[in-house]
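These notes are about the structure you will find just below.
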Amino acid sequence: MNSQQAAQLLIAARIKGPTASWRDIVPAERGGAYAIQDATLAAIGPAAGWKVGAKDSHAEPHCAPLPASGIHASGVTLRGSAWRWRCVEVEVAFRLGRDLDPKGKLLAPAELAEAFDAVLPVVEVVESRLLDGQAADPLAQLADLQCHGALVLGSPSAFAPAQLDLRTAEASLDFGTTSAAHTRGGNPAQDVWRLLSWLALHCAQRGQPLRTGQIVTTGSCIGLLPAPLDTTVRGEIAGVGAVELRFER
């Protein structure tokens, strides 16, 4: 199956619900997963930003575009059967203050920091278009926009991007009055500037350079947790701000 055919299965699932197995779309390598992402975005785009992360401080990062149609302001209520998993991640995000052209090289932290004009707290909703997405091969998950469902944005913070360090970032997640998670330095990638440098070069080489106003998320600081229905979900990054949402049937 080529990337266009795989993308069509994923696009159909967004409309009708999951009908395909991950085995129907899994590519042979990362380049194939990114090609499926591109074909999907061409149909449902444009991109309002990117998600980037890494399994640890040495692993090669991975990324996916964030469709503008899935971006929401804090306080949103997400309703309906599309939210099967209701899994959430609390993350640090950056907003681009200008277009970013790395000119074919990995940029230094100081160069990167100048390109971002705000830090904001976000909650990513993790979801799959595949019947068996939770058991899927990692390359199939990557092809499915790395299981991106929606992104809920908190308010931009005056916190300077250059001051943000994932190794010391303190994050919390509450379901109503119950604390679900509280971490310090919980993002496995640890070095945010390594992630952003890799992403800037990757996107430019992919023909989709980072643009003014786009949001870049940097991976979960609290792991991945399923949220209950009819309960306020509140994520917070200390010193940056808070963000809220709800799930209803």
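None of the figures in this text is laboratory data; all of them are computed from the coordinates on show. Because the structure is predicted, anything quoted here is derived from the model rather than measured. Cβ sites come from the backbone with ideal geometry, for glycine too, and all protein chains shown count toward neighbours.
How many percent of DSSP beta bridges within the chain run antiparallel, rounded to 5? Numbers along the way, then the final one.
Numbers: 45 of 55 bridges.
Within the chain, antiparallel bridges account for around 80 percent of the total.
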Completion exercise
Correct semi-axes for the chain, from √(5λ) of the alpha-carbon gyration tensor and rounded to whole Å with the largest first, are 26, 24, 15
Completion exercise
The long-range amide H neighbours of A48, using H built 1.01 Å from N in the peptide plane and a cut-off of under 5 Å, are L66, A68
Completion exercise
With x for Gly and Pro, the residue-by-residue ³J(HN,Hα) of the range 131-136, computed from phi through the Karplus equation 6.51 cos²θ - 1.76 cosθ + 1.60 at θ = phi - 60° and given in whole Hz, is 4, 10, x, 5, 9, 5
Problem - Distance in nm between pseudo-label sites at D191 and D99 (7 Å out along the Cβ direction from Cα) - result: 2.9
Fill in the blank from the handout: Applied in sequence order to the range 78-86, the curve 6.51 cos²θ - 1.76 cosθ + 1.60 (Karplus, θ = phi - 60°) yields integer Hz couplings, x standing for Gly and Pro, of 9, 10, x, 6, 5, 9, 6, 7, 6
Exercise for the section: List every residue whose amide H lies under 5 Å from the amide H of F116, counting only residues 5 or more places away in sequence or on a different chain, with H placed 1.01 Å from N in the peptide plane. Expected result: G97
Handout entry: Among V88, S69, A180 the positive-end extreme of the charge dipole of the chain (Cβ point charges)
Key = S69
Exercise for the section: Describe numerically, in nm with one decimal, the distance between label points set 7 Å from Cα along Cα→Cβ at L106 and at A73. Expected result: 3.9
Completion exercise
Calc'd 3J(HN,Hα), the range 230-243, phi into Karplus 6.51 cos²θ - 1.76 cosθ + 1.60 (θ = phi - 60°), Hz, glycine/Pro = x, comes to 6, 9, 5, 9, 10, x, 9, 10, 4, x, 10, x, 10, 8
